[in-house]
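Beneath this line is the structure, given in structure tokens, with notes to follow.
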Amino acid sequence: MRRLLGKIRKTGRVAEPPVPASAEPPPPAAAAFGGSVQIRHVDAGSCNGCEVEIASAFAPVYDAERYGARLVASPRHADVLLVTGPVTRNMADPLRRTYEATPEPKVVVALGDCARNCGAFAGGHGVIGPVSDIVPVDVEIAGCPPPPEAIVAALRGLTGR
């Protein structure tokens with residue numbers, strides 16, 4: 001048993017091989033966040049398909065938290081805004097205020113086709129436009145809805161893990 005514990009300490013995580021010392025440097029966002037990000041989810045008018053996939057991404061099977069991504073309740077504690085859905089008339093101002101309340105450095109992720117280009121809701125009466133029309137978007141995740149693997153991969157890109 002002692003030998004087994006020694007191997008675990010040397011290699012890091014049991015499920016993943018250790019990262020070599022000469023690995024590529026983390027992306028700029030990862031360097032700014034120190035390997036972990038606090039995420040505030042904002043539903044700007046979605047059909048809730050993306051929310052189901054976000055829940056799956058943070059559930060035990062995909063477990064985004066093991067890569068340093070954590071959902072928080074306040075934009076004042078957030079590093080990342082994860083925005084879903086096209087921006088509706090009623091959500092434009094709350095989205096702007098949430099963006100302004102998030103401290104620097106911050107990243108905005110447009111999750112799903114609706115957040116990227118209004119998707120199936122394009123031209124709708126209550127729809128103003130995609131997220132990029134209201135706040136600057138740094139990362140886009142395609143899909144209707146995007147699978148949990150894509151969400152976790154994007155978050156790993158932000159944490160550098």
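Bear in mind that the values in this text are calculations on the coordinates, not laboratory data. Quick caveat, the model's predicted, so the values are computed rather than measured. Every residue, glycine among them, receives a Cβ derived from its backbone with ideal geometry; neighbour counts consider all protein chains shown.
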Notebook entry, point to check: Amide H to amide H, which residues 5 or more places from residue 108 or on other chains are under 5 Å from it, using H placed in the peptide plane?
Noted result: 81, 138, 139
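Tell me, in nm to one decimal, what length is gained between residue 48 and residue 97 on full extension, where the rule is 0.36 nm per residue of separation less the Cα-Cα distance?
Numbers: separation 49, 0.36 × 49 = 17.64 nm, distance 2.18 nm.
Extending this stretch completely gives an extra 15.5 nm.
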Next item on the list: Lys and Arg at +1, Asp and Glu at -1: add these up for the other residues within a Cβ distance under 9 Å of residue 109 and post the number.
Entry: -2
Item checked: Antiparallel content of DSSP bridges confined to segment 35-159, in %, to 5 -> 10
Next item on the list: Would you tally the net charge around residue 127, using a Cβ to Cβ cut-off of less than 12 Å, leaving residue 127 out, and scoring K and R as +1, D and E as -1?
Entry: 0
Notebook entry, point to check: What percent do you get for the relative contact order of segment 35-159 when only Cα pairs under 8 Å and 6+ apart count?
Noted result: 32
Margin query: Just to check, using Stokes-Einstein with a Kirkwood Rh over alpha carbon pairs, what's the diffusion coefficient of segment 35-159 at 4 °C and 1.567 mPa s in µm²/s?
Written below: 92
Checklist line | Spatial separation of Cα centroids for segment 37-74 and segment 124-147, in angstrom | finding: 16
Checklist line | Net charge of Cβ neighbours under 14 Å - reference residue 150; Lys, Arg +1; Asp, Glu -1 | finding: -2
